[in-house]
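The values are calculated or read from the model by the stated rules, or taken from the named source; none is laboratory data. Remember, it's a predicted structure, so these values are computed and weren't measured experimentally. So basically every Cβ, Gly included, is an ideal-geometry build from the backbone, and we count neighbours across all protein chains shown. The accessibility values were calculated without ligands, DNA or RNA, using every heavy atom of the protein model including side chains. Shrake-Rupley method; radii C 1.70, N 1.55, O 1.52, S 1.80 Å.
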Amino acid sequence: MRWQDDPVLEVEHLKMRFGGLVAVNDLSFSVGRGDITALIGPNGAGKTTVFNCITGFYRPSEGMLSLRHDDGTTLLLERLPGHSISWKAKVARTFQNIRLFTGMTVLENLLVARHNPLMLASGFTVFGLLGLPGFRDAERQAVEQAKFWLEKINLIDRADDPAGDLPYGAQRRLEIARAMCTDPILLCLDEPAAGLNPRESHELNELLLSIRQDHGTSILLIEHDMSVVMGISDHVVVLDYGTKIADGTPEEVRNDQSVIAAYLGVEDEEVEHVEAEVGL
Amino acid sequence: MALNTPHAPAITAAEVTAPATGAQIAAALREAGIAALLTLGLSIPILAFKTEQDQANALYLQPRWGMVAAACALIFALRFALCLRAARRAAAPARPKAPASPALQKLFGIAVPLFLGVAVTYPMLATLASGGLGGARYWIDLGILILTYVMLGWGLNIVVGLAGLLDLGYVAFYAVGAYSYALLSTTFGWSFWLCLPLAGILAAFWGIILGFPVLRLRGDYLAIVTLAFGEIIRLVLINWVDLTNGGAGISSIPRVTFFGVPFDSSEDGFASLFGIPFSPMHRMVFLYYLILVLALITNLVTIRLRRLPVGRAWEALREDEIACRSLGINTRNTKLTAFAIGAMFGGFAGSFFAVRQGFVSPESFNFLESAIILSIVVLGGMGSQVGVAIAAVLMVGAPELLRNLDFLKQVFGAGFDPNEYRLLIFGLAMVAMMVWRPRGLVGHREPSIVLTERKAIAGSLVKEGHG
Ligand SMILES: Nc1ncnc2c1ncn2[C@@H]1O[C@H](COP(=O)(O)OP(=O)(O)OP(=O)(O)O)[C@@H](O)[C@H]1O
Ligand SMILES: [Mg+2]
């Protein structure tokens with residue numbers, strides 16, 4: 001199992017408390033390098049909270065989050081300041097409710113993701129203000145990279161339109177492309193398929209597979225859509241009430257009694273839905 | 001779609017002019033009745049009675065029910081008309097709103113060179129129009145005043161318009177700049193050209209000092225704390241008498257020189273150096289071009305910054321701070337740079353103010369000043385450079401225009417002073433703006449980089465920031 005042999009992220013005994021509420025309790029799992037790992041669980045299980053801990057938006061009450069780079073350096077994410085997690089640790093994320101810069105163009109959205117490298121190239125604005133060629137080249141490269149991603153997500157024709165004007169599915173894809181423009185080694189996606197129609201959902205699967213294949217980026221995703229989860233993930237972690245109830249390959253999890261029970265514990269509709277998806 | 005067929009306009013036109021239905025009239029009547037009742041309630045304590053004195057000097061109440069009735073009737077009629085119009089509008093099919101019509105954009109395209117041309121030739125125009133350099137004094141003075149506010153508006157635009165941080169104490173940096181020049185030049189005798197950059201640096205420094213504790217606050221809290229900071233600076237200037245000479249201010253600040261050559265009638269003054277007859281207006285014209293250059297530098301730097309990563313990060317911060325953090329932007333430092341650079345331009349403008357006046361006192365840096373600069377930014381359209389310039393001309397130029405409307409005296413009698421209605425008109429104009437152009441005069445955003453085609457972004461998509 002890759003997540004045991006070569007993990008890119010190891011979550012150990014993670015606990016997140018909000019006042020009296022324990023949203024995540026003693027959670028340990030690992031994310032394999034180059035894997036697509038799905039984090040699933042009923043509503044309110046604490047999935048987004050785990051993401052917020054990994055990406056520095058919350059400071060965990062307890063636990064350790066260690067990220068291993070290819071070259072063997074290990075970073076403890078819970079100790080890094082929020083903005084370093086993207087820049088130094090190379091972890092990127094998207095949000096459950098899309099957070100694009102709606103009043104900026106699609107291209108501008110992607111360039112903001114290149115902030116740190118461009119800032120260095122512009123000599124912290126000084127060289128840029130003087131119009132030195134070093135910065136021009138860096139900016140041209142950033143635009144090329146943006147173009148590459150726009151071709152990939154089929155939005156190249158809308159590069160100069162405001163992001164807020166895009167249809168919902170396109171906004172979801174753009175948010176993923178924007179996260180990818182930070183050159184992450186781990187990409188965390190919070191319900192990327194929510195609100196997509198079946199065709200868009202299929203395209204999303206293709207996009208995620210190609211991200212993994214072409215860029216070697218490991219993907220950690222939260223998803224309710226079981227066709228996405230079972231279709232593309234190599235590893236599934238199931239969360240219920242903040243604790244891990246199952247961890248394994250999609251086949252193992254599909255047949256796990258506690259997982260079925262956890263979903264049975266929720267509304268009937270959802271159970272039927274899940275049972276249909278997992279083929280019960 | 002049916003609306004695109006040639007017949008459609010006739011249908012929509014018919015709908016727009018269709019008579020209001022009975023239900024609509026009834027609703028409008030009810031609304032108008034409520035408004036009239038409210039007016040009645042309000043006008044009883046305000047309008048209904050007037051205190052008068054009789055011969056014995058005793059006070060008695062003079063009833064004025066006619067006036068109350070007139071007010072109620074007026075409000076009733078206005079409200080009724082407004083409701084009917086609104087009802088008809090709602091019934092008419094909504095037309096999609098174009099982000100910015102091409103005609104308007106073209107207008108802005110012409111506006112920029114036109115403005116620049118007028119600004120550069122303004123002293124000549126004023127001289128020609130008033131038949132002599134001496135006569136143009138008033139107009140050139142007004143030009144200098146307007147340009148000072150244009151520069152201040154552009155400086156604050158970086159903080160409020162681009163970074164979306166509501167700063168109500170911008171005048172503090174203006175004051176820091178003015179006092180920096182005043183103190184450095186009177187104490188050490190340093191020249192204006194040395195003090196100008198120093199004043200900017202000092203103001204930026206104060207921007208950072210203020211920013212560190214304050215920028216973790218957001219929205220209303222940030223606004224209130226910056227407001228307090230503006231007041232603190234003013235109170236320090238008043239009370240630190242040893243340094244600032246308190247409320248009396250600092251006078252006899254050295255005047256501006258033509259890069260070392262003084263503007264006086266002496267042998268090596270400006271006039272004799274160039275072999276032209278001496279005129280006190282030379283200095284005024286020089287000051288005019290000085291502030292024009294300073295303002296244009298502010299503008300050029302801002303335009304450039306917008307296209308650099310730091311400027312894009314400011315705008316991204318205004319749009320969504322959380323997303324910025326997830327993309328690795330250090331939000332605190334980015335806000336600080338906006339604050340510091342905005343403050344620096346405020347400092348430049350302040351030291352210009354000091355050299356123009358030759359006198360500074362804390363009175364010049366009260367909250368009203370901050371409010372005017374902020375209104376210029378908001379009226380102009382947050383983030384738009386052209387809008388800010390137009391708004392500054394309107395906000396500073398219009399009251400001066402009001403002062404010169406002498407013909408109104410013939411209409412309303414000799415005792416009528418239109419200038420007294422300045423704040424009333426200002427308030428009405430603000431309300432009208434918020435109704436018709438809530439995003440300011442220039443309500444769209446220009447993208448900072450373009451791949452194939454430049455398109456303006458509708459103001460409704462652009463966020464205003466929340467601190
Ligand atoms: N900032 C917070 N303060 C207090 N409680 C919070 C906070 N964030 C999350 N919670 C609580 O933690 C629990 C887990 O929430 P979380 O958003 O992580 O669930 P989730 O698994 O992402 O659910 P969903 O599938 O609905 O997105 C919920 O009970 C939620 O109310
Ligand atoms: Mg969630």
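Within segment B:247-271, residues that are farther than 13 Å from residue B:284 by Cα and touching a residue at least 24 places away in the same chain (Cβ under 8 Å) reach partners that are outside any loop (DSSP other than H, G, I, E, B) and among the small types (Gly, Ala, Ser) with beta carbons closer than 8 Å, at six or more positions or on different chains, in the pairs B:250/B:182; B:253/B:182; B:253/B:185; B:253/B:354; B:254/B:185. Are any residues in segment A:215-243 open to solvent by 40 Å² or more (accessible area, probe 1.4 Å), touching a strand residue (DSSP E or B) at 6+ places or on another chain (Cβ under 7 Å) and within 13 Å of ligand 1 (Cβ to nearest atom), and if so, which ones? The one that is open to solvent by 40 Å² or more (accessible area, probe 1.4 Å), touching a strand residue (DSSP E or B) at 6+ places or on another chain (Cβ under 7 Å) and within 13 Å of ligand 1 (Cβ to nearest atom): A:243. Identification of helices (runs of 4 or more DSSP H) wholly contained in segment B:198-312 with 3 or more residues that are at negative phi and touching an Asp or Glu at 6+ places or on another chain (Cβ under 8 Å) yields B:219-239. Does residue A:105 count as within 15 Å of the chain's Cα centre (by Cα) and in contact (Cβ under 8 Å) with a residue 24 or more places away in the chain? Answer is no for this residue.
Here residue B:244 clears all of (1) open to solvent by less than 70 Å² (accessible area, probe 1.4 Å); (2) modelled with pLDDT under 80 except the condition numbered (2). Taken as a whole, the condition of being in a helix (DSSP H, G or I) and within 19 Å of residue B:290 (Cα to Cα) applies to residue B:121. Of all the listed residues (A:94, A:105), the sole one being closer than 20 Å to residue A:191 by Cα, of a type in the set (Val, Ile, Thr) and either within 16 Å of ligand 1 (Cβ to nearest atom) or within 7 Å of another protein chain (Cβ to nearest Cβ) (or both) is A:94. Note on segment B:183-196: among residues that are without any contact (Cβ under 8 Å) to a residue 24 or more places away in the chain and assigned to a helix (DSSP H, G or I), the one that is least open to solvent (accessible area, probe 1.4 Å) is B:184. When segment A:55-88 is filtered for residues that are open to solvent by 30 Å² or more (accessible area, probe 1.4 Å) and within 16 Å of ligand 2 (Cβ to nearest atom), the ones remaining, listed by number, are A:57, A:58.
Would you pick out the residues in segment A:89-122 that are open to solvent by less than 20 Å² (accessible area, probe 1.4 Å) and either in a loop (DSSP other than H, G, I, E, B) or within 16 Å of ligand 2 (Cβ to nearest atom) (or both)? Matches in segment A:89-122: A:89, A:93, A:94, A:95, A:100, A:101, A:103, A:104, A:113, A:122.
Pairs linking a residue in segment B:307-319 that is in contact (Cβ under 8 Å) with a residue 24 or more places away in the chain and facing chain A (nearest Cβ under 7 Å) to a residue that is open to solvent by 10 Å² or more (accessible area, probe 1.4 Å) and of a type in the set (A, V, I, L, M, F, W, C), with Cβ atoms under 9 Å and 6 or more positions apart or on different chains, are B:310/A:119; B:310/A:124; B:310/B:341; B:312/B:449; B:315/B:462; B:319/B:462.
Go through (1) open to solvent by 20 Å² or more (accessible area, probe 1.4 Å); (2) within 21 Å of residue A:192 (Cβ to Cβ); (3) within 16 Å of ligand 2 (Cβ to nearest atom) one by one and return the number of the condition residue A:33 breaks. If we test residue A:33 against (1) open to solvent by 20 Å² or more (accessible area, probe 1.4 Å); (2) within 21 Å of residue A:192 (Cβ to Cβ); (3) within 16 Å of ligand 2 (Cβ to nearest atom), just (3) comes out false. Being modelled with pLDDT under 90 and either among the small types (Gly, Ala, Ser) or buried (at least 22 other Cβ atoms within 10 Å of the Cβ) (or both) is a property that residue B:180 lacks.
Do any residues in segment A:44-73 that are in a helix (DSSP H, G or I) and modelled with pLDDT of 90 or more have Cβ atoms under 7 Å from those of residues that are within 12 Å of ligand 1 (Cβ to nearest atom) and open to solvent by 10 Å² or more (accessible area, probe 1.4 Å), where the two are at least six apart or on different chains, and which pairs are they? Correct list of pairs: A:48/A:96; A:49/A:16; A:49/A:23; A:49/A:58; A:52/A:58; A:53/A:16. Set side by side, the residues B:347, B:383 differ, and just one is open to solvent by less than 30 Å² (accessible area, probe 1.4 Å) and not in a helix (DSSP H, G or I), which is B:383.
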